Amino acid sequence: MAFAPLSIMPTHKTTPPTSLAEYKRKRDFTKTAEPAGRAATARRPPRGLRFVVQKHAASRLHFDFRLELDGVMKSWAVPKGPSYDPSARRLAMEVEDHPIEYNAFEGTIPKGQYGGGTVMLWDRGTYEPEQRGEEDDEDILRAGYDRGDLKFILHGKRLKGSWVLVRMRRDSERPQWLLIKHRDAFADPTYDVVAEANTSVATRRTMEQIASGRSRVWQSDRDESAEKPVRNASLAKRATRALKGRKPAPVPAKKTASKRRAAATRR
Ligand code: MN
């Protein structure tokens, strides 16, 4: 048979498959503690769509940025991590969909296994489309994802406000995107969130403590839902400015933030 015309030759799909087949194929679940993953579920989340950011010291340090959509976590590897500077465009390489259970994973992937290295739960929360409409949130987000222009608002402990993922290239094996902070009350070119936030949002452990397998720094008999949000002076400052500024701040400033920060520094 002759060559097919270019236009109908197989090309990479515009969007990767939403199944977890690739995720499962890459991992040996007898060797890694990562979740094996159930099938993607159509069940609607009870309280908003989830997002998680995991700091991952693999062969190269990066941040895995994951957004819940259609029962899986859409995932991007962001080498430099997110930035609150609206002029910073952070490369975000799309990777395979991850199971929702991955949102709870923190620990060490054994050497030699896919993604071997230490994983920290660096931020988590819920997210929503920037523009709300008649449509279902997931329909709006899916349309943005398909179009390569995904605008959303993060409600995390460390990441807040409006952000966009813009797809640059779709011809490579993995689409490359840019993660950019929108200009809003939370934008702050002077705040280096990646440098300032160095501990797990779930267990307050450092990467070293996670790697050594030590238990939580704070031995706590409270359940995790009772954990207070991690705050810092910069976040409080931004929230205060937001209150004075154009928009009502989603997060009120807490007077105890600097105290808590001082306590965190001492540990
Ligand atoms: Mn990773």
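Summarising the label geometry, the points placed 7 Å from Cα in the beta-carbon direction at Lys31 and Asp149 lie 4.4 nm from one another. Using the average count of surrounding beta-carbon atoms within 10 Å as a protection proxy, the listed peptides 128-135, 85-92 rank, highest first, as 85-92, 128-135. With semi-axes defined as the square roots of five times the eigenvalues of the C-alpha gyration tensor, the equivalent ellipsoid of the range 73-197 measures 23, 19, 16 Å, largest first. Approximating the spin labels as points 7 Å out from Cα along Cα→Cβ, the Arg38-to-Ser19 distance works out to 1.9 nm. Among the lysines of the range 95-193, pairs at least eight places apart or on separate chains and with Cα atoms under 26 Å apart come to 4.
Ordered by packing density, taken as the mean number of other Cβ atoms within 10 Å over each peptide's residues, highest first, how do 97-110, 63-76 rank?
Details: 97-110: 18.3, 63-76: 22.1.
Ranked by mean Cβ neighbours within 10 Å, highest first: 63-76, 97-110.
The range 143-193 and the range 52-89 have Cα centres spaced 10 Å apart.
Ranked by Cβ crowding within 10 angstrom, fewest neighbours first, how are Met120, Met168 ordered? Before the final figure, lay out each step's value.
On the way: Met120 25, Met168 13.
By the 10 Å Cβ count, ascending: Met168, Met120.
Using a Förster distance of 25 angstrom, determine the FRET efficiency expected from the C-beta separation of Lys80 and Ser212, and round it to 0.05. Can you show the working numbers first?
Values: r = 26 Å, r/R0 = 1.03.
Calculated value: 0.45.
Coordinate-derived values only; no laboratory data. Note that the coordinates shown come from a computational prediction; the quantities given were computed from them, not determined experimentally. A quick note on method: Cβ atoms are made from the backbone with ideal geometry, for glycine too, and the neighbour counts reach across all protein chains shown.
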